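Each remark here refers to the structure printed beneath this line.
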Amino acid sequence: MDDHKETNKNPSGGEHQQDDNSHQHEHDEHDEGAPEADEQRVEQERLEEEEEAHPAAASETAPHEQHEHTGHEGEGHGHGSNEGHGEGHGGMHEGHEQLFRRRFFVSTLLSIPVLLYSEMLQEWLGFSVPVFPGSEWVNPVFAVIVFAYGGVPFLQMALPELKDRAPGMMTLISMAISVAFVYSLASVVFPMQSAFFWELVTLIDIMLLGHWIEMRSVRRASSAVDELAKLMPDTAERITDDGETEEVPVSDLVEGDLVLVRPGASVPADGVVEEGDSDVNESMITGESKPVSKEPGDEVIGGTINGDGSLRVHVGSTGEETTLAGIMRLVEEAQQSKSKTQVLADRAAGWLFYVALGAAVVTAIAWTIAVSFNATVIERVVTVLVIACPHALGLAIPLVVAINTSLAARNGMLVRDRIAMEDARSLDAIIFDKTGTLTEGEHGVVDLVAVDGVEEDDALALAAAVESDSEHMIARAIREAAGERDVTTLDASDFEAIKGRGVRATIDGSEVYVGGPNLLTQLDSEIPDHLQRFADEAGQNAQTVVYLVRDGELIAAFAMADVIREESYAVVDALHDLGIEVAMLTGDSQDVADAVADELGIDTVFAEVLPEDKDEKVQELQDQGKLVGMVGDGVNDAPALTRADVGIAIGSGTDVAVQSADVILVQNNPLDVVRLVKLSKASYRKMQENIVWAAGYNVFALPLAAGVLAPIGILLSPAVGALLMSLSTIIVAINAQLLRRVDLSIPELPGGTPPTDAEPAD
């Protein structure tokens, strides 16, 4: 298992080497994903040709060119040129969407005469239309126009696939409409039972409708980067040396500039508040719904929205170094990367081309033997080839991936590795780093006791007063505890730090000390029995005890510990409900680790572990055959995050460039780990459902098209087959959109806090 992370099985069963630092799975998948890349490239080439032939279409696809030049050659991510980048991804898909939308409506309009003058439809529906000289040419003429306008673009997109000998989705579509077109024209020259003109035009109309729906869905699902780009303002108010403000492009800001952020304005760059107090809405970056209070010394993120106060911010990061730019890169990478299921779907499209040809040959032979070669045989072959096109298969996985990425980003989960995101659903164990993940990472007062005659709040007020001038973590913990209890603040004087023992001060004429056991030894103070029992119990729980002495008399004791986060209780319980083992990794002593583990109900504890040895503990669980996730801070835990099957960096805050993790949780909230697993399960379920719908269409329709039920009078026409195919596409698109409704909220569990509402995908 030494190379557990260095090699990964690709979908075909082979292995490929993996960079241990980046934990990326894209090397061998680059070629496997060629069909989708080719389709996108071919569509873009055809769009460029359309622009040359139809200038009016240029306005629809111009945003794509703007994206090419502004978003990549320039500094579109973080320098304020969000105008170009913001329209890039959406602009490209919107150009495709508008193109197919226009062609669908025009082709449908031109199809009406064909439908009206179809003798078969007239007979079925019981209507008639006026006959005039030349009316027999209505169907052929309008059908040819519809094919040339609505069908030829599919043929153009199929040519590169054929040249590369890699048939895919466009090849299948082109084969279907070409066969129907040739068959229809042949019916004009050669006597056949019926012409297929109305089937041809409806087939093309349905193909255009399906492609329009696909482009529309993908454009909407791929809007995460566009929406992020729009967050960054174009201009900023920079404060000059003389205290005046000047409006400058955000791209002109440099590190060290001082900018004014007015109420309601967007923060133009990452930085630190120098002056002012306000609440900042960071939901678009972190997923945190409540505004975050900001005061001097606090960090702010570019693109977030200032509240009612005015802030002066020292610029820290600009351009590609900003948090927003980092998030955009991660979202783009995630949307471009492929999952195992998506690679399988891409391959299936190529295989189905050959399956369709094989089925057509078998159908031709079988029907020729049964009824001899005639128009019926040709009609059956045409039907098989027409309905073999699984347009829904090409849509099944990319849509779910795009919506998954968008939904994750809106809930503070940045996915760097699609395969790791998919693997999260199958995790057997998740290891949490203790300090700063399951705990607050700093000491707090977990319990206190006072002698008779002294109220606990009074003792806490005295201790807080003595510690008022100290910056020690214990002093901060006591002051925070006093603030939580809202005790009255006392005035202290003559403050003195006693090295290695504690602190002292004078309060209302009394000499008051706060310190540990060494302080009691120096003062020769006796410990009352009930305080001694309190101290012994705290020691068994791996807690530190601090004493309060007034005028030489010990009057109170405080138990200090690294406080367990309230969310941690709910996290452990929720993961257990999902059938996932929870482990904890820490460099603390075994006693401290066991105390936290017992409190939370953690299954496995790794204590007294050095940072460089943490990855060995991950491998220890992997050697047991478990799929392991690791949750850490992304810095000290880098080796373990890389070794894990799914590395999750939590508490990274604005550091979105963590290279060792597969998934980055922007907020320092362990509850997001549960959301990650739930989203992974829901996304994979949608992928499976979509593949079933897409493949199920072919399983159902191909035998009917071949005529297996012909003996009982059931035959599937090309038009009905196309209708079924379009229905399959629509169902897949709608089913993918339903992923947006997945419930990512965490139920309130014993010991936990009320659930935090998850953000929808849009």
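Data table
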| quantity | calculated |
| --- | --- |
| Most to least accessible of HIS472, HIS576 (protein chains only, probe 1.4 Å) | HIS472, HIS576 |
| Length added when fully stretched, MET120-THR488, from 0.36 nm per residue minus Cα-Cα | 123.3 nm |
| Nearest-10 value in Å² for the accessible area of ARG238, using the 1.4 Å probe | 50 |
| Relative contact order of the stretch 94-204, pairs being alpha-carbon contacts under 8 Å that are 6 or more residues apart, as % | 32 |
| Extended-chain gain in nm, criterion 0.36 nm per residue less alpha-carbon gap, ASP308 and ARG741 | 152.6 nm |
| Positive dipole terminus of the stretch 369-497, leading residue within SER372, THR437, ILE403 (C-beta point charges) | SER372 |
| Cα→Cβ-extended label distance, 7 Å offset, between GLU295 and GLU511, nm | 3.5 |
| 3J(HN,Hα) from dihedral phi, the stretch 104-118, Karplus parametrisation 6.51/-1.76/1.60, rounded to Hz, x for glycine, proline | 5, 5, 5, 5, 5, 4, 6, 7, 4, x, 5, 5, 5, 9, 7 |
| Qualifying GluC sites (Glu not before Pro) in the stretch 408-472, DSSP loop, other Cβ atoms within 10 Å at most 15 | GLU455, GLU471 |
| Peptides 478-491, 732-745 ordered by average Cβ neighbours within 10 Å, highest first | 732-745, 478-491 |
| Violating pairs (Cα-Cα greater than 24 angstrom) within the set LYS434/LYS626; LYS294/LYS614; LYS434/LYS617 | LYS294/LYS614 |
| Net charge of Cβ neighbours under 11 Å - reference PHE606; Lys, Arg +1; Asp, Glu -1 | -3 |
| LEU715/HIS576 FRET efficiency (R0 60 Å; Cβ-Cβ; nearest 0.05) | 0.60 |
| Positive-end residue, the stretch 474-630 charge dipole about Cα centroid, Cβ charges, pick of GLY483, ASN541, VAL503 | VAL503 |
| By average C-beta atoms within 10 angstrom, highest first, the peptides 517-528, 101-112 | 101-112, 517-528 |
| Cut-off 15 Å between beta-carbons: net charge of the residues surrounding ILE498, Lys and Arg +1, Asp and Glu -1 | -3 |
| Centre separation in Å (Cα based) which lies between the stretch 671-700 and the stretch 424-445 | 28 |
| Cα-centre dipole for the stretch 439-557 with unit charges at Cβ (Lys and Arg positive, Asp and Glu negative), debye to 20 | 420 |
| By average C-beta atoms within 10 angstrom, highest first, the peptides 409-418, 707-716 | 409-418, 707-716 |
| Residue-count net charge about VAL129 - beta-carbon cut-off 13 Å; Lys, Arg +1, Asp, Glu -1 | -3 |
| Magnitude of the charge dipole, the stretch 511-625, Cβ model with Lys/Arg +1 and Asp/Glu -1, debye to 20 | 320 |
| Farthest positive-ward along the stretch 96-171 dipole, Cα basis, beta-carbon charges - from ILE112, SER128, PRO153 | PRO153 |
| Per-pair calculated FRET efficiency, R0 = 35 Å: GLU608 and HIS530 via Cβ, rounded to 0.05 | 0.60 |
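The values are calculated or read from the model by the stated rules, or taken from the named source; none is laboratory data. Predicted, not measured: the structure shown is a model, and the values here were computed from it. Here Cβ is always computed from backbone atoms with ideal geometry, including for glycine, and neighbour counts include all displayed protein chains. These accessible areas exclude ligands, DNA and RNA; they are computed on the full protein's heavy atoms, side chains included. Shrake-Rupley method; radii C 1.70, N 1.55, O 1.52, S 1.80 Å.
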